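To start, the structure itself, in structure tokens.
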Amino acid sequence: MKFAKVNRETCIACGQCGEEAPDIFDYDDEGIAYVTLDNNNGNKSVPDELWEQLEDAYENCPTESIQISDQPFEKSKLI
Amino acid sequence: MNQSGQITPEQEVLNVLGGRTEKDPFLVFADLREKGSVRPIPMPMGDSDNQTWIVTHMEDVKKVLKDQTNFCVDPTTINKNSDTKQFLTNSSEEDSSNLFLASSLNALDEPDHRRLRRLVSKAFTPRYMESLRPRVQEIADDLLDQVQDKGEMDIVLDYAYKLPINVISDMIGVPKSDREQIYEWSEAIANGLGVGRIDNEVSESLEAFSNYFTQLIEKKRQQPSDDLISELITIEEEGDKLTEKELLSMVQLLIFAGHETTSNLISTGTLILLDHPDQLEILKNDQSIIPSAVEELLRFHGPSTTAGPRYAKEDLELGGQQINKGDVLFPLLKSANRDENVFINSEDVDVTRDIKRHVAFGQGIHMCLGAPLARIEGDIAFTTLLKRMPNLKLNIPRKEVKWQFKLAAQGLSSLPVSF
Ligand code: HEM
Ligand code: SF4
């Protein structure tokens, strides 16, 4: 299982992740990215068929704001 | 000169950055990459006991651009009294007309950068840029309408330059009647600037440019409309707003950063395709791959030769070299994008290549704010051109195609084609 969320503090709204993985990331009204699966809570697993997209987005985020984990990010809400 | 009387690649790369050589820059970069990832170059940069380095491998270019703990863009972050910045732009802080180059987003470190970028990106979201697509298409079609019947045009003058300046002017809210003037000023400014050089005639244009936008901003304050300046005026976050000065330098940076670079993507990209008919053919047959072909064109010959200079905040090791605090590093984007450790057949252009991992838009917190817009413009520019002018051909002998250097970028001055 893979879980993902965006560190919204460090995201610079560059629009790269939505290019790489349009099925995982979108942007809020201010351009800051979030994971669409569960509103960036990181508790809903990313479907297997999107792992490649996720990996691409992860590697290409210029600020390393995309976090991936094998565990749900239980505790945290939108950061 | 070394012993054999030959210019070393370390010396030659300075000529490349300063626009003083006819040599193929990519050969120079390849020589440098082979010698090592981080090479000392003989360039005095103000604070004289510091070494200047050129960074050529992808891994280290990314490291320098991403690591805010060890590298910064503003030398005064390290040393309050640094005269390097002044040396680079040859401007003094009091000279307000030059200020935007030295004190805008691209030249600020955290936390100032973060504050400004957050404010600006509110008005400049990926979604907003995507919403400009129909307008970009309209502009591209208008430009080609004007030349379609002639059977020939100059890609640079008739298309590549006009598309981005019109897009950005529309966005910012520059009235149509003033665009020719803006275009002239920014040309004059871009032509006169290089790494470590600013020609004298430039000051006048800089001042006129700056005065124009001061007045335009004032006008928009009185009469807001549906454009980016009006948006930037009202934007605020937790009571924080852009100051008058920040607003002015931001607007000027947007014109600057958004126009020349995108023009070069379109004109250089067209030349690359004309030089590689097999690649052109692939795109003509399948326009759905144009967005990824744009990425390959950006990788193969992106508009920015180097990112802005970075300064080491600590003594550290990079690419096997000892870097001292205060040393200057030029992350050579065009070299990283040809790194043979990262790309198979890195010196070949292949529009079917599956990559996004280039650094043509930079990396880290300063990564291009306008990248989504530039991608849209590139996509539409090539799609529209190939659709409407499928028989595109170079209209002068290949050896007469001339490069010119502006703002440390290499572009074409003219590209006559028939179709
Ligand atoms: C193909 C076209 C373009 C290329 C290759 C390009 C390239 C770059 C690069 C390499 C940087 C980072 C420089 C550094 O780290 O020192 C940058 C920053 C920037 N670009 Fe672009 N750019 C393009 C188009 C645009 C457009 C269309 C706009 C705006 C309308 C724009 C606005 C900016 C701004 C504001 C920055 C500074 C960002 C910051 O410091 O946070 N660029 N660009
Ligand atoms: S790629 Fe990274 S910095 Fe860019 S929008 Fe996505 S999360 Fe933010």
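Looking at A:E30, is it modelled with pLDDT under 90, of a type in the set (D, E) and not in a helix (DSSP H, G or I)? Yes, satisfied. When A:T63 is tested against (1) in a loop (DSSP other than H, G, I, E, B); (2) more than 13 Å from every other protein chain (Cβ to nearest Cβ), just one condition goes unmet, and that condition is (2).
A quick yes/no check of all residues on (1) within 14 Å of chain A (Cβ to nearest Cβ); (2) within 12 Å of ligand 1 (Cβ to nearest atom):
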| position | (1), (2) |
| --- | --- |
| B:P291 | yes, no |
| B:P309 | no, yes |
| B:I323 | no, no |
| B:F330 | no, yes |
| B:R338 | no, no |
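Tally up the residues in region B:344-362 that are of a type outside the set (S, T, N, Q) and surrounded by fewer than 21 Cβ atoms within 10 Å (Cβ to Cβ), please. So the count comes out to 10. Residues in region B:296-318 that are buried (at least 22 other Cβ atoms within 10 Å of the Cβ) and more than 15 Å from the chain's Cα centre (by Cα): B:E296, B:R310, B:Y311, B:A312. Within region B:106-126, the presence of a residue that is at pLDDT below 65, touching a helix residue (DSSP H, G or I) at 6+ places or on another chain (Cβ under 6 Å) and among the charged types (D, E, K, R) is excluded. When region B:8-19 is filtered for residues that are touching a helix residue (DSSP H, G or I) at 6+ places or on another chain (Cβ under 8 Å) and free of Cβ contacts under 8 Å to residues at least 40 places away in the same chain, the ones remaining, listed by number, are B:P9, B:E12.
Do we find that A:I24 is under 28 Å from B:V61 (Cβ atoms), within 15 Å of ligand 2 (Cβ to nearest atom) and touching a Lys or Arg at 6+ places or on another chain (Cβ under 6 Å) in this structure? No, not satisfied. Contact annotation: residue pairs with Cβ atoms under 7 Å, 6 or more positions apart or on different chains, pairing a residue in region A:15-26 that is under 18 Å from B:I365 (Cβ atoms) with a partner that is polar (S, T, N, Q) and surrounded by fewer than 24 Cβ atoms within 10 Å (Cβ to Cβ), are A:Q16/A:N60.
B:G302 meets the stated requirement of being within 16 Å of ligand 1 (Cβ to nearest atom) and in contact with a helix residue (DSSP H, G or I) (Cβ under 9 Å, 6 or more places away or on another chain). Here A:E55 meets each of (1) within 13 Å of another protein chain (Cβ to nearest Cβ); (2) outside any helix (DSSP H, G or I) with one exception, condition (2). Look at (1) within 10 Å of the chain's Cα centre (by Cα); (2) hydrophobic (A, V, I, L, M, F, W, C); (3) surrounded by 17 or more Cβ atoms within 10 Å (Cβ to Cβ); (4) over 23 Å from B:A123 (Cα atoms) and you find that A:V35 fails only one, number (4).
The set of residues in region A:23-51 being within 11 Å of chain B (Cβ to nearest Cβ) and under 20 Å from B:P291 (Cα atoms) consists of A:F25, A:D26. Scanning region B:233-273 for residues being within 9 Å of ligand 1 (Cβ to nearest atom), modelled with pLDDT of 90 or more and farther than 18 Å from B:A107 by Cβ gives a total of 5. Candidates in region B:365-384 are the residues that are over 12 Å from B:T261 (Cβ atoms) and near ligand 1 (Cβ under 7 Å from one of its atoms); of these, the one that is farthest from the other protein chains (Cβ to nearest Cβ) is B:H366.
There is no residue in region A:1-11 that is surrounded by fewer than 23 Cβ atoms within 10 Å (Cβ to Cβ), within 18 Å of B:R118 (Cα to Cα) and without any contact (Cβ under 8 Å) to a residue 12 or more places away in the chain. Within region B:203-216, identify whether any single residue is touching a Gly at 6+ places or on another chain (Cβ under 8 Å), away from ligand 1 (no atom under 13 Å from the Cβ) and not aliphatic (A, V, I, L, M), and answer yes or no. Yes, some residue in region B:203-216 is touching a Gly at 6+ places or on another chain (Cβ under 8 Å), away from ligand 1 (no atom under 13 Å from the Cβ) and not aliphatic (A, V, I, L, M).
The values are calculated or read from the model by the stated rules, or taken from the named source; none is laboratory data. Note that the coordinates shown come from a computational prediction; the quantities given were computed from them, not determined experimentally. So basically every Cβ, Gly included, is an ideal-geometry build from the backbone, and we count neighbours across all protein chains shown.
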